Amino acid sequence: MKISAFVFLILFYSNSLGDFSRGHFYEVDQKKDLTEQRKAYKKARSYLRNSQFSSFSNEKKSLKDYSLYPYLEFYEKIYRISRFKEKQILRFLEDYSETPLVQPLLAHWLPVLAKRGHWTVFLRNYSRLINPSNELECLHSYALYKRESKLAGLNKAATLWTVGFSQPKECDKIFNLLIATGGITREMAWSRLSLSIKANENSLSKYLLRHIAKNQANLAENFRLVHSNPTILKKVKRFSEDSLENKEIVLHGIARLSKREPVRALELLNQYKKQLSFDTSKLNKTYEKIGLSLSRRAKDQSLLDSLPIKLRDYPSLVEARIRHSLKIKDWSSVLVLINLLVKETKDQEQWKYWKARVLALSEDYADREVAQDIYSELSENRSFYGFLASDIMETNYNYNHKIHNISYDETIGLEKNKSVKRALELFALGYLGQARREWFLATSKLEQHERVVAANLALRWGWHKASIQTMIQSKSWDSLTERFPVAHKDIFTRHARQLDIPISWSLAVARQESAFMPDAKSSAGARGLMQLMPSTARLIAKSEGIKYSSQNKLLGVDLNIRLGSNYLRWMLGRYNNNRILASAAYNAGPGNVDKWVNKDLALDVWIETIPFKETRNYVKNVLSYSAIYNYLLEQESSFIFAGEKEQFGKGKALKKVSITTNPSVRDA
């Protein structure tokens, strides 16, 4: 039988094994040979994959008291789904309702029912799904049409059709019925065309032209043309029709154009505004997009001021303009703009810090006193801005570390929890994806203190990601040992020493990149603990003489850390041992950072004005995590190194706020 792609994800196997240290007092249970059970479990899984069902059944019988027995039941049903009746499936769902196996089995079983035309059984069990896939949504629509209500089926199909992406082949039957019955309205066709164009789905938008009304055909072609070449909007007469469709095209094109040419985009929008009756909210939203782009350009202050919108109503633009004002050192505008933020936003550490930064430059004694009070308040926090404030105030960093006293009995007691036990066993066998799902479900049902115990248990097993995730889940922000495990310490230390890079920094990068998840894979293709792109890994390996055969090897902890540490060394070398620039380059690429470097800007201003939001937050996190790891490793170190400070603001360090009893003698 053909197994769905979903099942292959479940079957993913990694060779990573855990560190099973549970403390000095742990005693092995001699009554059961766990090693033999693990071997038998893997053997049983192998029998299933090779369709050796008799051998599987015999092996399964010997594992009834094994914690992963439910998984054998699950896989048997996956591989031999045609042999099981509805009541047997439902019995499994009931017996193992506390496991993460319920939804995957349903997601595998329901398409089989649909293929056989068992629509009544399908409909009877569809509501058990929590997050049905698009495939199952379409099958449900068809099932409704076939068994309950044609109208209900077609109405759902209409919703499923009107999206900006291509739906799976399971939707074809119900979509064909929708089309045959005239269910694709003029509005639906235009809406889907618009969604597909805005989603950059060129093939889909081209296909949808056949569903567009004849009197909208030219508009549809214009829409596709403007998306690919927004400069065509300079031909104003061509887009002079005051229809809803044309106005949407114009605003979309101007928003696209603003990303590269915001000045021209603003000129065109002001021109079109005179002849087209735009919806006010949509028009202003387009002005906001132009403003966001203009804010990245240091010479467009007057154009920003000319935008005909109420700035207070667009907080994202306010924040962008604050950064723009920081970059051009327009300090008074920074204060004015911060005051436009709503109180909740204004009270965030970020904007408190910048208020203090500006007030500290004032000639007015009262302003400097306010700045000192803000810095003092911020310096109590364990954060990027808290550490910066501590540096300015020349005070010690506050880590606010909460140490938990977990007893041996608590740890062992939780380890006996069936769900936790399954999660740990899956982790031990290297089934990391399944282990994470089982762990998340198990810990979601625990009380606050039990989650702390669980995080400590995960650390004892060497399962760093689980410890971190559990502390996030319980919002235990001060549990630094559990939130920032010193994972793979020997490996990180060895490579850090060989390459002369701070171990606190390489740990911080790995913590930010993957939370120490060795099998992490990003949508862009980055792999492993330090999230290396295969092309980058090949380049490093070739240059440094490191053996590297395939991208799958990047999931190996030692190799990934070795290559990642080498890349960090490369970036440090490129940027004169500056972790700030090197961290930005690790995330956004050195090509971007080379363009962003501006030695005239103070280091805090440079970080705050990094054009990419992701990179901006990345740098702040990596620097903060580095400080935390220095603390946990009991290494005394400055938040920002002296050599790094010298490379910003023409070598001028951020100075402590100057306050004297007599303001007139400030400069004496």
### Task
Mind checking which aspartates and glutamates have their Cα closer than 15 Å to the Cα of LYS553? Skip sequence neighbours fewer than 8 apart in that chain.
ASP519
### Task
Could you state how much accessible area LEU177 has, in square angstrom rounded to the nearest 10, with a 1.4 Å probe and all protein chains kept in place?
50 Å²
### Message
Can you give me the % of accessible surface on region 158-246 that is carbon or sulfur? Probe 1.4 Å, all protein chains present, nothing else counted.
### Response
52 percent
### Task
Inverting the mean 1/r over all pairs of different Cα atoms, compute the Kirkwood radius of region 62-157 and quote it in Å.
14.2 Å
### Message
List residues of region 509-532, by number, whose backbone nitrogen lies under 15 Å from a label position 7 Å along Cα→C-beta of ASN592.
### Response
513, 523-526
### Largest to smallest principal axis extent of the C-alpha atoms in region 200-285, angstrom
35, 25, 24
### Task
Before rounding to the nearest 500, sum -39500 (n - 2.57) across all DSSP H runs of length at least 4 in the chain and divide by the residue total; then give [θ] at 222 nm in deg cm²/dmol.
-18000 deg cm²/dmol
### Task
Compute, for ASP600, the solvent-accessible surface of its heavy atoms (probe 1.4 Å) with the complete set of protein chains present, and express it in square angstrom to the nearest 10.
80 Å²
### Task
Of all alpha-carbon pairs in region 256-312, indicate the percentage at a distance above 13 angstrom.
57 percent
### Message
Which residue, HIS118, ALA356, PHE648, has the largest displacement toward the positive end of the dipole of the chain when charges sit on each Cβ (Lys, Arg +1; Asp, Glu -1)?
### Response
HIS118
### Message
Per residue, how big is the convex hull of region 384-464 when only Cα atoms are used? Give it in Å³.
### Response
127 Å³
### Length gained when the stretch HIS404-ASN576 is fully extended (0.36 nm per residue, less Cα-Cα span)
57.9 nm
#### Entry: Cα gyration tensor shape for region 294-363, rounded if a/c is under 1.5, else prolate or oblate
oblate
### Task
With a ≥ b ≥ c taken as the square roots of the eigenvalues of the C-alpha gyration tensor of region 101-200, please select rounded if a/c is under 1.5 and otherwise prolate if a/b is larger than b/c or oblate if it is not?
oblate
### Task
Pull up the cross-link candidates among the lysines for LYS402, meaning alpha carbon to alpha carbon under 20 Å and not fewer than 8 places away within one chain.
LYS465, LYS475
#### Entry: Debye-sum result for the chain in log10 I(q)/I(0), which assumes one identical scatterer on each alpha carbon, at q = 0.09 Å⁻¹
-1.06
### Query
Say R0 is 41 Å: what FRET efficiency, to the nearest 0.05, do ARG80 and ASN552 get from their beta-carbon distance?
0.85
### Message
Which trypsin sites (Lys or Arg not before Pro) in region 206-261 sit in a loop by DSSP (not H, G, I, E or B) and have at most 16 other Cβ atoms within 10 Å of their own Cβ?
### Response
LYS235, LYS259, ARG260
### Message
So with the 1.4 Å probe, I'd like the accessible area per residue for the chain, rounded to whole Å².
### Response
49 Å²
### Task
Go ahead and run the numbers for FRET between GLN348 and PHE612, Cβ-Cβ distance against an R0 of 22 Å, rounding to 0.05.
0.65
### Net lengthening on full extension, ASP500/THR395 (0.36 nm per residue, minus Cα-Cα)
35.0 nm
### Task
Give the residues of region 217-246 whose amide nitrogen is closer than 19 Å to a point set 7 Å from the Cα of GLU261 in the direction of its Cβ.
222-240
### Query
How much length is gained on full extension from ILE328 to SER316, taking 0.36 nm per residue of separation minus their Cα-Cα distance?
2.4 nm
#### Entry: Normalised contact order of the chain, rounded percent, pairs of Cα under 8 Å and 6 or more residues apart
10 percent
### Query
What is the spin-label model distance, in nm, from LYS115 to ALA366 if the labels are put 7 Å beyond Cα along the C-beta direction?
7.8 nm
### Query
Between their Cα atoms, which of LYS299/LYS650; LYS115/LYS173; LYS259/LYS285; LYS39/LYS421; LYS259/LYS613; LYS599/LYS652 are more than 19 Å away from each other?
LYS299/LYS650
### Query
To the nearest 0.05, how large is the calculated FRET efficiency for ARG124 and ALA213 if R₀ is 41 Å and r is the Cβ-Cβ distance?
0.50
### Task
Give the cross-link partners of LYS343 among the lysines, using a straight C-alpha distance below 17 Å as the criterion and excluding same-chain residues fewer than 8 apart.
LYS352, LYS355
### Query
Share of Cα-Cα pairs in region 218-358 beyond 24 Å, in percent?
37 percent
## Note on the structure
Taking a ≥ b ≥ c as the square roots of the Cα gyration tensor eigenvalues, with a/c under 1.5 meaning rounded and otherwise prolate when a/b beats b/c or oblate if not, region 288-426 comes out oblate
### Query
Considering region 176-219, what Rg and Dmax in Å follow from its alpha-carbon atoms?
10.4, 29
### Query
Looking only at region 560-594, which residues have a backbone nitrogen under 20 Å from a spot 7 Å from the Cα of THR493 in the C-beta direction?
560-566
### Message
Give me the three principal axis extents of region 352-421 from the C-alpha atoms, as integers in angstrom, largest value leading.
### Response
65, 21, 15
## Note on the structure
THR231 and LEU244 label points (each 7 Å along its Cα→Cβ direction) are spaced in nm at 3.3 nm
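The values are calculated or read from the model by the stated rules, or taken from the named source; none is laboratory data. Because the structure is a prediction, the values reported are computed rather than measured. So basically every Cβ, Gly included, is an ideal-geometry build from the backbone, and we count neighbours across all protein chains shown. For the accessible areas, the whole protein counts, side chains as well, though only heavy atoms, and no ligand, DNA or RNA atoms are used. Shrake-Rupley method; radii C 1.70, N 1.55, O 1.52, S 1.80 Å.
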